[in-house]
Amino acid sequence: MLRFTELVYLAAPYEHPEERAFNERLARLMRAYNFPLFMPQEAVIELAEFGHLRDWQPTPDCIPANASPDEKTDLLLTQACGDALNRASLVVSVFYGEEFDPLTAYEVGYALGRRTNVVAVQNTLCEALQRTSLQPTRITSPQFCSRVVIAPEEDDRFPDRLIPILNRYFVAHKL
């Protein structure tokens with residue numbers, strides 16, 4: 001269930017099944033350690049299924065009366081993600097190769113502009129998904145993030161490396 005209180009925002013591409021599977025694995029891991037997580041990938045599903053998100057209300061005038069169902073979902077998702085980013089205590093971003101995809105780059109840039117810590121997770125799961133950008137984005141490299149963690153699929157120690165880092169940045173925000 002999505003929550004809009006002190007939260008961790010998972011900025012990650014979810015176009016491909018491999019990306020969605022990795023995001024779900026990462027979300028399960030973070031929730032197992034009680035991180036309150038907002039994940040746009042889940043918000044899309046919840047909006048499509050229920051037409052709204054629990055624990056969140058859009059502004060009354062954000063949807064034009066003549067909007068199609070797809071436009072309504074897109075507008076609601078955009079506003080929900082913006083609200084979640086504004087409330088985020090920490091952003092965890094996923095990237096493949098050496099760059100963020102454009103939407104993830106926007107979310108990372110927005111979070112950094114708000115002085116929110118960003119922990120980048122490099123997913124080495126699938127080399128086919130590693131992107132090289134034809135159109136460079138302003139933030140293409142995770143070097144701007146607070147920390148970068150590499151997540152090879154076969155590495156059982158990944159949680160042992162990631163969770164202390166998340167704790168450090170999430171708890172530091174609350175102090």
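FYI, it's all coordinate maths here, none of it is from the lab. All values derive from a computational prediction rather than experimental measurement. All Cβ positions, even for glycine, are placed from backbone atoms using ideal geometry, and neighbour counts span all protein chains on display.
Rounded if a/c is under 1.5, else prolate if a/b beats b/c, else oblate: with a ≥ b ≥ c from the C-alpha gyration tensor eigenvalues square-rooted, which is region 19-97?
It is prolate, given that a/c is not under 1.5 and a/b is the larger ratio.
Considering only the other residues whose Cβ falls under 14 Å of the Cβ of Thr59, what net charge follows from Lys and Arg at +1 and Asp and Glu at -1?
Values: positive: Lys72; negative: Asp61, Asp83.
In short, -1.
Please report Arg20, Arg157 as a ranked list, fewest other C-beta atoms within 10 angstrom at the top and most at the bottom.
Placing the least packed residue first, the sequence is Arg157, Arg20.
Which GluC sites (Glu not before Pro) does region 26-66 hold that lie in a coil by DSSP with at most 11 other beta carbons within 10 Å?
Loop-located and lightly packed - none at all.
Using Cβ counts within 10 Å as a stand-in for footprinting exposure, how do Asp61, Asp160 rank, fewest first?
Asp61, Asp160
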